[in-house]
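Participant: I have a structure here, written as structure tokens, and I will follow up with some questions on it.
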Amino acid sequence: MKKIWMPAALAAVVLATSGCMSHNMSQPNAPIAGTVTADLKANIEVGGEITGQSSSDILFGLLKISGDSEFADGVSYGGPAPAFSLPDPVSATKAAAAYKAVKSSGADLIVAPRYAVSVEDYFIFKKVNVTVTGNKGTIKNIR
């Protein structure tokens with residue numbers, strides 16, 4: 001009987017400690033449909049390159065066990081958010097990286113942000129690393 005349980009226990013340990021890694025480099029995109037109208041015009045001065053980096057550890061794909069606690073609002077990719085969705089650790093880490101880039105550079109916004117996302121998935125937990133780069137945007141006036 002002991003001969004049967006030893007290989008099974010060894011296989012369980014190997015499965016629990018092994019994982020995989022993925023790497024994603026994003027490009028700016030726009031939603032297919034959508035209209036925004038505003039009578040305001042902002043004069044934005046574009047400066048040099050800025051960057052920000054953030055990482056998080058996620059347990060069971062949902063519970064963030066470590067990472068930043070300050071985020072930039074409005075950081076999203078694609079169309080509008082669905083009515084109900086589970087927490088997305090990658091989006092939260094992107095928002096934290098954007099916050100760090102804006103805060104450290106003194107910018108008002110990031111012009112043409114590009115996100116490099118690296119996810120190391122170890123079955124039970126995953127490590128998400130995000131680096132955002134773009135240009136410093138400073139709002140001079142709004143008319």
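Participant: Might you let me know whether the range 120-131 holds any residue that is in contact with a strand residue (DSSP E or B) (Cβ under 7 Å, 6 or more places away or on another chain), in a helix (DSSP H, G or I) and either over 30 Å from ALA12 (Cβ atoms) or free of Cβ contacts under 8 Å to residues at least 60 places away in the same chain (or both)?
Facilitator: no
Participant: From (1) surrounded by 10 or more Cβ atoms within 10 Å (Cβ to Cβ); (2) at pLDDT 70 or above, pick out the condition that doesn't hold for SER26.
Facilitator: Every condition holds for SER26 apart from (2).
Participant: A further question on this structure: Where residues in the range 80-91 are surrounded by 11 or more Cβ atoms within 10 Å (Cβ to Cβ) and farther than 17 Å from ILE110 by Cβ, which of them is modelled with the lowest pLDDT?
Facilitator: PRO87
Participant: For the range 108-131, name all the residues that are surrounded by 20 or more Cβ atoms within 10 Å (Cβ to Cβ), of a type in the set (A, V, I, L, M, F, W, C) and either more than 22 Å from GLY61 (Cα to Cα) or touching an Asp or Glu at 6+ places or on another chain (Cβ under 6 Å) (or both).
Facilitator: The answer is ILE110, and nothing else.
The values are calculated or read from the model by the stated rules, or taken from the named source; none is laboratory data. Remember, it's a predicted structure, so these values are computed and weren't measured experimentally. Cβ sites come from the backbone with ideal geometry, for glycine too, and all protein chains shown count toward neighbours.
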